[in-house]
Amino acid sequence: MKIITGITELRHHLRDEPQIAFVPTMGNLHEGHMSLIHEAKKRCNHVVVSIFVNRLQFLPHEDFDCYPRTFEDDCRLLSAVNVKTVFAPNEKILFPTTQEFLLALPPVADILEGKFRPGFFRGVATIVLKLFNIIQPDLAVFGKKDYQQLHIVREMVKQLNIPIEIVAGETVRAEDGLALSSRNQYLDATQRLEARQLYQTLLQIKQKVIAGCKDFKALEGNAINHLVQHGWKVDYISIHNRSSLMPASEQDRNLVVLGAARLNSTRLIDNLEITS
Ligand code: PAF
């Protein structure tokens, strides 16, 4: 496995590769990331994984400084599954000057996560586009855990005519249903037990919609109350149309219920696709 920090060296290293699959990460790898890498390896011999904690997607009060950085462990995991290339640039390499060119995103970036983390998707889309330009992969794998991110990257690739196939990786869950996330490690033992409620709540909505319930507003409201009673601060629990990611209407059949809520200072997100 080759670990590369520079852009010129990376381009030189990849220049004769017939096919490249790319998995962008911010490191602190867990089984969720490893399953995305597995998806990439199924499709391409040469997998490039990037590790870069992207300042552009953190708000000033968020956890950029204390975001877990575990580079050595990450490299051990990647080498064990025969990833060929790790791209691990530092900030000076990706932002040699202030990043003044930033993407302007469509309204879908201002709802859900975008409403509670203004500028988040602009930061994500800008870094993803930079990484795409540097690596020029044939395909890139993004997890459904970050459903809105996956949607926005897909739209970006479509609308900007970027010749990269976007592959969606399924969410990996702990036994009790909690979606794996680097931020789960911020939870103490009591919070960790409670954390499964987010998944359970989304699951109940899914079951009720499949059983024929069309009163989405009531389902969302009841779910929020339930979580609040269990000590959560809820940003949103919301049922959306899967292809537009806009709020669902009664006629929609392909849905996704998305949720974001805080246990103390730890913010968790999750979602479940629903076909009704
Ligand atoms: O999903 C993530 O880990 C990040 O948003 C990404 C895609 C690596 C961009 O920094």
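The values are calculated or read from the model by the stated rules, or taken from the named source; none is laboratory data. Predicted, not measured: the structure shown is a model, and the values here were computed from it. Note that we place each Cβ from the backbone using ideal geometry, even for glycine, and neighbour counts take in every protein chain shown.
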For residue 101, state whether it is closer than 30 Å to residue 247 by Cβ and either out of contact with any strand residue (DSSP E or B) (no Cβ under 6 Å at 6 or more places or on another chain) or in contact (Cβ under 8 Å) with a residue 60 or more places away in the chain (or both).
no
Please tell me if residue 153 is at pLDDT 95 or above, of a type in the set (A, V, I, L, M) and touching a strand residue (DSSP E or B) at 6+ places or on another chain (Cβ under 7 Å).
yes
Strands (runs of 3 or more DSSP E) fully within the range 1-116 counting 1 or more residues that are under 25 Å from residue 154 (Cβ atoms) and within 16 Å of the ligand (Cβ to nearest atom):
20-25, 46-51, 85-87
Can you pull out the residues in the range 142-155 that are buried (at least 23 other Cβ atoms within 10 Å of the Cβ) and aliphatic (A, V, I, L, M)?
152, 153
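In the list 124, 141, which residue meets the criterion of being of a type in the set (Val, Ile, Thr), assigned to a helix (DSSP H, G or I) and within 12 Å of the ligand (Cβ to nearest atom)?
The conditions single out 124.
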Output for the range 149-168, where each listed residue is touching a Phe, Trp or Tyr at 6+ places or on another chain (Cβ under 7 Å) and in a helix (DSSP H, G or I)
149, 150, 152, 153
Have a look at 180, 150 and point out the one that is away from the ligand (no atom under 11 Å from the Cβ), under 22 Å from residue 58 (Cβ atoms) and touching a helix residue (DSSP H, G or I) at 6+ places or on another chain (Cβ under 9 Å).
180
What about residue 165, is it more than 11 Å from the ligand (Cβ to nearest atom), without any contact (Cβ under 8 Å) to a residue 60 or more places away in the chain and touching a strand residue (DSSP E or B) at 6+ places or on another chain (Cβ under 6 Å)?
yes
Output for Cβ contacts, cut-off 6 Å, separation at least six or different chains, first residue part of a helix (DSSP H, G or I) in the range 183-212, second of a type in the set (Gly, Ala, Ser) and surrounded by fewer than 18 Cβ atoms within 10 Å (Cβ to Cβ), reads 196/177; 199/177; 209/276; 210/276
Mind listing just one residue for me: the one in the range 216-260 that is in a helix (DSSP H, G or I) and of a type in the set (Val, Ile, Thr) and, of those, surrounded by the most Cβ atoms within 10 Å (Cβ to Cβ)?
224
Hey, any hits in the range 113-128 for a residue that's free of Cβ contacts under 8 Å to residues at least 60 places away in the same chain, surrounded by fewer than 20 Cβ atoms within 10 Å (Cβ to Cβ) and of a type in the set (A, V, I, L, M)?
no
Output the number of residues of the range 49-62 satisfying the condition of being in contact (Cβ under 8 Å) with a residue 12 or more places away in the chain and out of contact with any Leu (no Cβ under 7 Å at 6 or more places or on another chain).
9
